[in-house]
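Asks: Have a look at this one.
What follows is calculated from the coordinates using simple rules that are stated; it is not laboratory data. Predicted model, so just to flag it, every value in this text is computed and none were measured. Positions of Cβ are generated from backbone atoms using ideal geometry, with glycine treated the same way; all protein chains shown enter the neighbour counts.
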Amino acid sequence: MGGLGLIKTLAEKERELLARLEAAKKEAEDLLKRAEGEAKALLEEAEAKAKALEGEFKEKEARETEALLARYRKQAEAEAQEVKEKGQARLEEAVALVLREVLP
């Protein structure tokens, strides 16, 4: 009968070890799912931050581009006005010269 008791004890120990193994397996699966969830959340957060930074960069670039365009427009307008004024003065000189040559 001692052999039967030993087999029974071994079977109980085996069931206990199997139960502990299943519990450890479930715990490992739960930890893996939690880690995957945290990694996914971190990735989404990083992507959102990258997208926000990209948006900020594009806005800054657009503002800087518009400021440069405004500066160049103003400079071009000033140069155009200067050319117009010089042209007007030369036109007036040319008209006066022609009038002196034509009129006695």
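Asks: If the only charges are +1 at each Lys and Arg Cβ and -1 at each Asp and Glu Cβ, what is the size of the charge dipole of the chain around the Cα centre, to the nearest 20 debye?
Replies: Working: 21 positive and 25 negative charges, 65 e Å.
Dipole size: approximately 320 debye.
Asks: Pick from Glu47, Glu61, Glu29: which is most flexible by mean-square fluctuation in a GNM of the chain where alpha carbon atoms under 10 Å apart are linked?
Replies: Sorting by GNM fluctuation, first place goes to Glu29.
Asks: Lys58: which lysines have alpha carbons under 23 Å from its alpha carbon, excluding same-chain residues fewer than 8 sequence positions away?
Replies: Lys49
Asks: Tell me, what is a quarter of the convex hull surface for the C-alpha atoms of the chain, in nm² with one decimal? Show your work: numbers first, answer last.
Replies: Numbers: hull surface 39.0 nm².
Taking the Cα atoms of the chain, their convex hull projects to 9.8 nm² on average.
Asks: Through the Karplus equation 6.51 cos²θ - 1.76 cosθ + 1.60, θ set to phi - 60°, convert the phi angles of segment 31-40 into ³J(HN,Hα) values in whole Hz; use x for Gly and Pro.
Replies: 4, 5, 4, 5, 5, 5, x, 5, 5, 5
Asks: With each run of n ≥ 4 DSSP H residues scored as -39500 (n - 2.57), what mean residue ellipticity at 222 nm is computed for the chain after dividing by its residue count and rounding to the nearest 500 deg cm²/dmol?
Replies: -37500 deg cm²/dmol
Asks: With point charges of +1 on the Cβ of Lys and Arg and -1 on the Cβ of Asp and Glu, referenced to the Cα centre of the chain, which listed residue (Gln88, Ala24, Leu10) lies farthest in the positive direction of the dipole?
Replies: Leu10
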